[in-house]
Amino acid sequence: MTEAYYYSKEEDKIRCLLCPHNCLIAENKAGICKVRHNSDGQLHSNVHEEIAAIHYDPIEKKPLYHFFPGKNILSIGTIGCNLHCFFCQNFQLSQCKPSDYHESIILDPQDIVEKAMAIPGNLGIAYTYNEPTVFFELMMDTAKLAQQTGLKNVAISNGYINKEPLQELIGVTDAFNIDLKAFDEPFYQKFTGGKLEPVLQSLRMIYQAGRHLEITFLAIPTLNDSIDSFRKMIDWIVNELGPDVPLHISRYFPAWKSELPPTSAQSINELADIASKILRYVYVGNMNQNKYSSTHCPNCGNILIDRSGYNIRICGITIDSFCKACGKSIGLPYVMPPV
Ligand code: SF4
C-alpha cells in the first residue's frame, strides 16, 4: 500500500482526482475502482506492488500494429478498473476486489524494470490487462525508471483519466492504445458507468502531444454496432485525429454479465469496410486471418506488413518508410529503425 497521487482532503473525506469519477471517499472506504482506499486520512493505492499478471507478449497482442511490429514486450497488470462494463472481456482481473484476489506477486518498480532489462530483445514495458489508470503510481514510478534505461513504455487504457495525470503520463509514455467503446454518451453511462467526453478529451491530448496512438473498438451486437453511430465515430476520428490513426475493430464474445451472442464475423467485416473508406489503417481483432489482418499501402494496396497470427513479416516497406511497390511515402515511423 502506498500513498496515492492526485487527491485532496474535503472535511473528513478524501477526493480522488485521478479519473473523471472524482470519487469522494469516506474513511475506510474505497473508490469506484475498489483499489484506492481512504485510510487514516490519506488516499492509498492497494496495487502499487501487487502484480496480478506478468507476461512477455507480442506487441501486436496489446494491440499495437504500427509500433515496432514483431517485437515482444514485458506486460504487467494488477486488479481493478474505474469502469464496470457488463460485457468486460477481462473481468477476472478488472472487476475483482483486493480482498477477493490472492494470487498477486509482489514486485516494486525497480524489480519490474530489472526484469524488463534482463530479457534480451525486449522492447519495454506495457501497462495493460486491467485499467492502468487505477495503478497510476506503479505505472508512473516504473515508467520513469524504464525511460532512463531506454526501454519503451506502452499504456493500454480506457482513456478514462483526468487531464493533469494524463499530461504527466504522456511525458513518460511512448505509445497508447485507447478503447473507444462507443460513440454514444448514453451507452457509456448505461453500460460502462463512465462518460464518453473524457475519453475523447484523452484521445485529443495524446494525439496533440505527438505520442503514438492506436484505437480499439469492441463491437457488441445491438449495443454499439449501429452503422449510423459507427460512421459518426469514424468521422470524429478522421476530423480530430486524422486518417492515419490505426483502428482495431474487435469481435466481442459473451463475458462477465453479458449473455449477448458473439458479434458475427460478417458484421465486423462490414464495419471494417466502412471504416477503411475513410481511415488508412483498419484492422479486425478476435477473428480469423483476413484482408484486415495485414498492413497495406494506402496508395496501391501492396502488403507492407504481413501478419499471420503473431507471425510478422515486414516485407513491402523500405527502411526509410516508402512502399516498395509504388514508392509512396508511408510515414510509419516505428516500423523500421530510423536510417
Ligand atoms: S481512480 Fe478510482 S478512486 Fe480515483 S476517482 Fe477514479 S474510480 Fe474513483
> How about the range 16-37: which of its residues are surrounded by fewer than 22 Cβ atoms within 10 Å (Cβ to Cβ), touching a residue at least 24 places away in the same chain (Cβ under 8 Å) and β-branched (V, I, T)?
Replying inline: I32
> Which one is surrounded by the most Cβ atoms within 10 Å (Cβ to Cβ), of the residues in the range 44-103 that are among the hydroxyl-bearing types (S, T, Y) and within 24 Å of N286 (Cα to Cα)?
Replying inline: T78
>> Taking the condition of being part of a helix (DSSP H, G or I), in contact with a helix residue (DSSP H, G or I) (Cβ under 8 Å, 6 or more places away or on another chain) and within 13 Å of L169 (Cβ to Cβ), how many residues in the range 110-143 meet it?
In response: 9
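Condition check ((1) farther than 23 Å from D228 by Cα; (2) of a type in the set (F, W, Y)) across all residues:
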{"residue": "E259", "(1), (2)": "yes, no"}
{"residue": "T263", "(1), (2)": "no, no"}
{"residue": "A275", "(1), (2)": "no, no"}
{"residue": "Y281", "(1), (2)": "no, yes"}
{"residue": "S293", "(1), (2)": "yes, no"}
{"residue": "C300", "(1), (2)": "yes, no"}
>> Every residue in the range 186-195 that is on the phi < 0 side of the Ramachandran plot and either surrounded by fewer than 21 Cβ atoms within 10 Å (Cβ to Cβ) or in contact (Cβ under 8 Å) with a residue 60 or more places away in the chain (or both), please.
In response: P186, F187, Q189, K190, F191, T192, G194, K195
> Just wondering, is there one or more residues in the range 74-81 that are under 24 Å from S202 (Cβ atoms), among the hydrophobic types (A, V, I, L, M, F, W, C) and within 14 Å of the ligand (Cβ to nearest atom)?
Replying inline: yes
> Any residue at all in the range 100-107 that is in contact with a strand residue (DSSP E or B) (Cβ under 6 Å, 6 or more places away or on another chain) and either at pLDDT 95 or above or not in a loop (DSSP other than H, G, I, E, B) (or both)?
Replying inline: yes
> Would you pick out the residues in the range 243-274 that are of a type in the set (D, E) and either surrounded by 14 or more Cβ atoms within 10 Å (Cβ to Cβ) or modelled with pLDDT under 95 (or both)?
Replying inline: D244, E259, E270
> E214 is checked against (1) of a type in the set (D, E); (2) in a loop (DSSP other than H, G, I, E, B); (3) surrounded by 14 or more Cβ atoms within 10 Å (Cβ to Cβ) and fails just one. What number does that condition carry?
Replying inline: (2)
> So which residues in the range 5-15 are buried (at least 21 other Cβ atoms within 10 Å of the Cβ) and either touching a Phe, Trp or Tyr at 6+ places or on another chain (Cβ under 8 Å) or farther than 17 Å from Y160 by Cα (or both), if there are any at all?
Replying inline: I14
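The values are calculated or read from the model by the stated rules, or taken from the named source; none is laboratory data. Because the structure is a prediction, the values reported are computed rather than measured. Here the Cβ is made from the backbone with ideal geometry for all residues, glycine too, and neighbour counts use every protein chain on show.
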